[in-house]
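> Take this structure first; my questions come after.
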Amino acid sequence: MRLPVHVYVLLSLLAAGCGRAEGGEIATVNREGEIVVAALGDSIHAGSPYWDPDPDLRTSYGDDLDEQSQWEYWAAKKDPRLRFRNCGVWGERTDEIAARFDACTAGADVLVVQGGINDIAQGRDVEPAAENLRTMVRRGRELGLSVAIANVLPWNRGWPHAEEPIDRLNELIEELAREEDVPVLPFYATLEHPDEPGRMRGEWTSDGDHPSVEGYRRLGELAFRLP
């Protein structure tokens with residue numbers, strides 16, 4: 001039986017990482033046997049600098065556009081049951097990410113929470129950022145979702161002044177994960193340079209702020225696991 005055209009469109013959007021309907025809602029198809037993963041976070045979830053879940057932004061990328069610039073792309077390649085809803089937005093703090101919680105998680109099976117580097121970049125204390133992350137984790141669990149939280153990546157262009165707050169926020173993420181009984185996805189350790197603590201290896205970052213395609217591949221294949 002032939003599927004309606006709009007179903008093919010939605011499935012293709014999901015394969016690319018995201019489909020956004022009018023009004024900012026996330027369009028998705030949850031077929032039997034599929035696991036819908038809501039990836040709620042900032043530009044690291046979005047796939048910057050070569051991908052964004054917003055098709056309007058992608059039109060400006062030109063030849064730089066690359067759907068493989070998403071850890072979700074590589075995780076979905078590893079496990080064909082997974083359909084990712086990419087709810088990453090460049091530049092958002094944890095409070096701004098939390099404001100999109102309901103739209104991102106509706107109808108999902110799994111929630112992956114990520115964020116905090118923009119709080120640090122804007123000079124904000126990490127303790128409120130950790131509480132915002134905790135709130136999202138707790139709300140996800142209350143909805144019956146399987147929940148995981150990713151820790152904060154090394155930041156080459158922010159080193160060394162950002163190293164201490166990143167370390168502190170990652171400590172708080174580990175603490176809240178233990179208390180809320182959810183796994184931590186080890187984004188930091190997966191991309192940290194073994195000989196240059198606090199920084200990503202050169203080939204794993206595209207611009208000193210975000211992973212390269214190879215960096216995203218490592219996050220999707222090595223760091224991600226279903227909670």
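The values are calculated or read from the model by the stated rules, or taken from the named source; none is laboratory data. None of the values given here were measured: they were computed from a predicted structure. We place every Cβ from the backbone using ideal geometry, glycine too, and count neighbours over all the protein chains shown.
> Kindly indicate whether LEU133 is within 22 Å of PHE101 (Cα to Cα), more than 15 Å from the chain's Cα centre (by Cα) and outside any loop (DSSP other than H, G, I, E, B).
Numbers: within 22 Å of PHE101 (Cα to Cα): yes; more than 15 Å from the chain's Cα centre (by Cα): no; outside any loop (DSSP other than H, G, I, E, B): yes.
No; evaluated as a whole, the condition is false for this residue.
> Let me confirm something: among ALA223, ALA189, ALA177, which residue is surrounded by fewer than 19 Cβ atoms within 10 Å (Cβ to Cβ) and hydrophobic (A, V, I, L, M, F, W, C)?
Just a single option satisfies the conditions, and that option is ALA189.
> Let me ask another. Looking only at region 199-216, how many residues end up being outside any helix (DSSP H, G or I), of a type outside the set (Ser, Thr, Tyr) and buried (at least 20 other Cβ atoms within 10 Å of the Cβ)?
From region 199-216, those outside any helix (DSSP H, G or I) are 199-201, 205-212; that's our starting set.
Going one step further and asking which of them are of a type outside the set (Ser, Thr, Tyr), we end up with 199-201, 207-211.
Then keep just the ones that are buried (at least 20 other Cβ atoms within 10 Å of the Cβ); that gives 199-200, 210-211.
Of the residues in that region, 4 qualify.
> While we're looking at this one, here's another question. Restricting the search to region 52-92, which residues are charged (D, E, K, R), crowded, with 19+ Cβ neighbours inside 10 Å and touching a residue at least 40 places away in the same chain (Cβ under 8 Å)?
Hits for region 52-92 are GLU72, ARG83, ARG85, GLU92.
> Here is a further query. Determine which member of the set ARG134, ARG100 is within 18 Å of LEU176 (Cβ to Cβ), modelled with pLDDT of 95 or more and among the basic types (Lys, Arg).
None of the other options fit; the residue is ARG134.
> Quick check: is even one residue across region 165-172 free of Cβ contacts under 8 Å to residues at least 24 places away in the same chain and crowded, with 20+ Cβ neighbours inside 10 Å?
Within region 165-172 (the criterion being free of Cβ contacts under 8 Å to residues at least 24 places away in the same chain and crowded, with 20+ Cβ neighbours inside 10 Å), the answer is yes, since at least one residue qualifies.
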